[in-house]
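All remarks here apply to the structure that follows.
The values are calculated or read from the model by the stated rules, or taken from the named source; none is laboratory data. In this text, all values refer to a predicted model and were calculated from it rather than measured experimentally. As a convention, Cβ positions derive from the backbone with ideal geometry for all residues, glycine included, and neighbour counts pool all protein chains shown.
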Amino acid sequence: MIAMAWRRMRIKRADRLIWGAVLMSLLLAWLVIVGLDTFINFAKQVGDIGRNGYTLGQAVAYIALTIPRRVYDWFVFAALIGSLLGLGALGASGELTALRASGMSKLRICLSAAALVLVLMVGVFVLGETIAPAGEQRAQNIQLTMRSGHLGMTQRSGLWAKDGDTIINAKAALARVVDGLPSVELADVRVFGFNDAGELTSFQWAKTATQKGGQWVMHAVRSTAISPQGAHTTFAQQRSWKSGLDPQVLQLSVVHPEYLSLRDLQRNIEYLRSNQQNPGTYANAFWARALYPLNTLVLVLCALPFAFGALRSGGLGRRLFIGLLVAIAWFFLQRAVVGLGTVFGVPALAANLTPALLLICAAVWYFRRV
């Protein structure tokens, strides 16, 4: 029985034929989608040239740094459309019909195409955990400098800002949702005060800083006043903070949770939980990223049967339309299920896994019928 299963699943010449067709179509679709997205965003960046000294070189650098993230984001759509186009090309030339006549089942052909997607998915996943997040953080630092000349962000030391006679450093800036609106929370905040002679006169450390009623509020604050007579330290659970930091600019500077690596997401989740805060946004982003390979493979398997149904009716345009329709439907299904899960308090893992399970059930139902 094992030997029979091995004979059915081992690599054949037909697999190489399928892989060649699917790979060419997938790479072409990937190139077109990523190229179009990159061009549109570059056009937006050109409109900001001249703002706070923003140059064409910086705009090019920003786009170049975000390309790995765009490659990662658009792979699922490229895999879906490329697989449909690849099998469709084999169908148009009669080779797919010959494969079916030789005894290859629809499931076997679809698994062959999915195997190629899986191999590419390994590289894409590694890209999404290494180069893409690092590039996105550097790109957001360029945007932050452009939108506010006195702000800067580094990967190791966090946010730096000059606010009058003070220098501000926050080790982390977290995206949050408060009363349904996006907000930013600064963590491990340090405020250095200087006099006109450049001498340090005060130092404040706060566990967190949040926006409330249009003003900044520092929490768990330790303040130290420095004078020729010595240093005097006080502590307060909460203190208002008069700062010129623009929270709207900070919102644009914080890397979106869905662009962070699994390690960074886990660190932010642990931080929020340790402070008795809801890590919902980061938890959903964590499981969406962790389940990305599964979602991609299942989506491809569910879409490929349409290639067989389109062999005699319609050509390239029909397969493209089907691919886009399936991708859009999947996008809205996932967003709806995750959103409902957040509203009704469903665990992030269950909410993100449900759409994939629904597609798996649909795939099993289809392939059991054929």
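Things worth noting here:
- The single residue among Thr296, Thr281 that is more than 17 Å from Trp330 (Cα to Cα) and crowded, with 22+ Cβ neighbours inside 10 Å turns out to be Thr281.
- Candidates are the residues of the stretch 243-270 that are modelled with pLDDT of 80 or more and assigned to a loop (DSSP other than H, G, I, E, B); the one that is surrounded by the most Cβ atoms within 10 Å (Cβ to Cβ) is Leu260.
- For beta carbons closer than 9 Å, sequence separation of 6+ or different chains, a first residue in the stretch 271-285 that is assigned to a helix (DSSP H, G or I) and a second that is among the basic types (Lys, Arg), the qualifying pairs are Leu272/Arg176; Thr281/Arg176.
- Residue satisfying all of: in the stretch 5-60; within 30 Å of Gly91 (Cα to Cα) and β-branched (Val, Ile, Thr); modelled with the lowest pLDDT among these: Ile11
- A count restricted to the stretch 187-210 and to residues that are among the hydrophobic types (A, V, I, L, M, F, W, C), within 29 Å of Gly280 (Cβ to Cβ) and modelled with pLDDT of 85 or more stands at 4.
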